[in-house]
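To keep things clear, I will list the structure first and then write my remarks on it.
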Amino acid sequence: MGRYAVMTAIPYVNGKPHVGHALELVETDAYARHLRARGDEVRFQTGTDDNALKNVQGAEAEGITPAEYVERVAARFVSLREPLGLSFDDFIKTSTDPRHRPGVEKLWNACAERGDFYRKSYAGLYCVGCELFYAEDELVDGRCPEHGTVPDLVEESNWFFRLSRYQDQLHELISTDRLRIEPATRKREVLSFIEAGLEDFSASRSMSRARGWGIPVPGDPDQVIYVWFDALGNYITAPGYGTDEKNFQYWWNDADERVHVIGKGIIRFHAVYWPAMLLSAGVRLPDTIFVHEYLTADGMKISKSAGNAQDPADIVAAFNSDALRWWMLRDVARNGDTDYTDERLLTRANEDLANNIGNLVNRTVSMVGRYRDGVIPPVAAYNPGAAALRAAREQAPAAIDAAFTAFDFRRAAEAITAIGDEGNRYVEAARPWELAKAERKEDAAPAALDAVLAELVATCRDLATHLAPFLPDAAPRIAAQCGDGGPRVADPSPVFPRLEAPAS
């Protein structure tokens with residue numbers, strides 16, 4: 001049994017959560033549930049990044065304080081737990097959580113003791129949305145490549161972090177996979193960025209430009225710690241860095257794996273800035289950074305500013321949690337962006353869940369009820385007609401585990417649908433209704449039908465087990481239909497009813 005610290009990125013709380021935020025939460029949740037199911041000890045952490053300048057701007061636009069603004073919006077992210085079926089163990093809000101500021105101050109002081117800060121005056125092009133300075137050659141037609149906005153010209157004197165000092169060390173760690181970045185395309189992207197030469201970055205902002213919002217620089221109250229330096233610290237402040245060293249030792253230093261799940265737009269911060277900060281402070285690095293792609297709408301990144309950001313809670317209310325989770329884990333590509341539409345969600349849910357898995361479960365439970373009064377026959381040791389089905393079932397655990405290890409959620413889901421496909425083919429080939437008819441005429445022994453029914457129940461129980469990380473609501477329903485491991489099936493009831501698009 002291993003010990004895993006699994007963490008999502010923490011989004012800015014400058015608006016309602018959208019379906020793009022839900023993707024990262026659902027992927028990380030499925031990964032954490034899979035680890036738990038195989039016996040690992042898991043701490044799944046998420047939260048919100050409250051101390052960004054654009055949160056201050058959002059509060060000013062509404063005429064309220066930043067504290068009121070971030071608390072209200074952060075609550076919307078916390079509330080995703082129920083509709084998305086999330087199992088996170090910890091949710092940190094960086095503006096109010098008492099663990100966060102002491103830990104960030106400790107991190108800053110550790111880097112300062114290493115001599116990795118110096119004061120410098122400079123001017124640069126700053127994107128408030130990214131909270132990042134861009135060089136002119138990084139812009140696209142003079143605009144931020146992430147947000148499409150024109151950066152502000154900012155001139156001030158701030159503290160800089162000596163990122164350049166860690167260039168060779170970072171390259172060595174990443175190229176040798178001591179710091180593993182998945183998928184390989186993102187690893188190559190980070191290595192190219194490092195090879196181009198790392199420049200020191202501004203690690204603080206003036207208190208006046210931050211509007212007094214954020215964590216003051218220790219020993220320099222006229223400066224606020226740069227929001228990314230602050231926000232990245234959440235991964236260690238939540239388990240107790242700076243406040244609960246015993247818990248931090250257990251869940252960070254002594255964990256077998258420290259895993260970050262992030263979107264591709266923030267890879268520079270997580271795969272370059274963050275490891276350098278930890279190297280400076282003498283803190284253990286994460287082991288793995290999985291970088292997921294974006295959800296898009298009509299080929300455009302989903303965002304509040306683009307006006308194409310569907311609320312995941314609304315999607316769940318219109319359909320259900322199973323449908324949204326399954327689409328995200330079964331349809332979203334590991335490489336390349338994926339367009340979200342209600343139609344795609346409906347198609348996938350109906351094809352895989354209702355027509356395939358749900359159909360198999362309903363047929364199985366109904367036939368056991370009809371032909372054996374609900375009593376499940378024992379599984380036959382030898383059943384040559386079920387060879388393909390048994391092969392799919394036997395291969396699934398290793399295939400699913402390997403897919404999760406590679407963060408290939410689509411491939412893991414395909415191993416499950418393959419069992420459903422083989423199960424339905426087995427029903428058509430074995431034709432249990434004809435075996436029942438022959439049995440009644442005494443033209444066939446009961447053992448023939450028993451073998452088929454027992455095989456099908458065992459298959460559906462396997463499906464319930466494998467689906468648990470994907471569909472935590474539906475998996476227990478399947479298990480209950482199949483008797484929860486007991487001797488009898490329940491009365492049949494559709495596990496996955498067919499979905500229809502809401503009336504316009």
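Values quoted throughout were computed directly from the atomic coordinates according to the rules given, and no laboratory measurement underlies them. Here the structure is a predicted model, which is why all the values come from computation and not from measurement. Cβ: placed from backbone, ideal geometry, glycine included. Neighbour counts: every protein chain shown.
Taking neighbour counts of Cβ atoms within 10 Å as a proxy for exposure, in what order, fewest first, do ILE174, ILE416 appear?
On the way: ILE174 21, ILE416 26.
With the fewest neighbours first, ILE174, ILE416 line up as ILE174, ILE416.
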Next on the checklist: If you take every residue apart from GLU293 with its C-beta less than 13 Å away from the C-beta of GLU293, what net charge results, scoring Lys and Arg +1 and Asp and Glu -1?
Outcome noted: -3
Item to check | Rounded, prolate or oblate (a/c below 1.5 giving rounded, otherwise prolate when a/b exceeds b/c) for the stretch 155-303 by Cα gyration tensor | outcome: rounded
Checklist entry - Taking a label point 7 Å from the Cα of GLU428 along the Cα→Cβ vector, which residues of the stretch 356-393 have an amide N closer than 18 Å to it? => result 356-364, 385-390, 392
Checklist entry - What are the residues whose amide H is under 5 Å from the amide H of GLU182, where those residues sit 5 or more places off or on another chain and H is modelled from the backbone? => result ILE289, PHE290, VAL291
Checklist outcome for this item: Summing -39500 (n - 2.57) over every DSSP H run of at least 4 in the chain, dividing by its residue total and rounding to the nearest 500, the 222 nm mean residue ellipticity is -13500 deg cm²/dmol
Next on the checklist: Tell me whether the stretch 189-257 comes out rounded, prolate or oblate; compute the Cα gyration tensor, take square roots of the eigenvalues as a ≥ b ≥ c, and use a/c under 1.5 as the rounded threshold.
Outcome noted: oblate
Checklist entry - What order do you get for CYS460, CYS144 when you list them from fewest to most C-beta neighbours inside 10 Å? => result CYS144, CYS460
Item to check | the stretch 488-497 - phi-based ³J(HN,Hα) in whole Hz, Karplus 6.51/-1.76/1.60, Gly and Pro as x | outcome: 10, 7, 8, 5, x, 8, x, 6, 10, x
Item to check | Residue order, fewest to most surrounding Cβ atoms within 10 angstrom, among MET7, MET207 | outcome: MET207, MET7
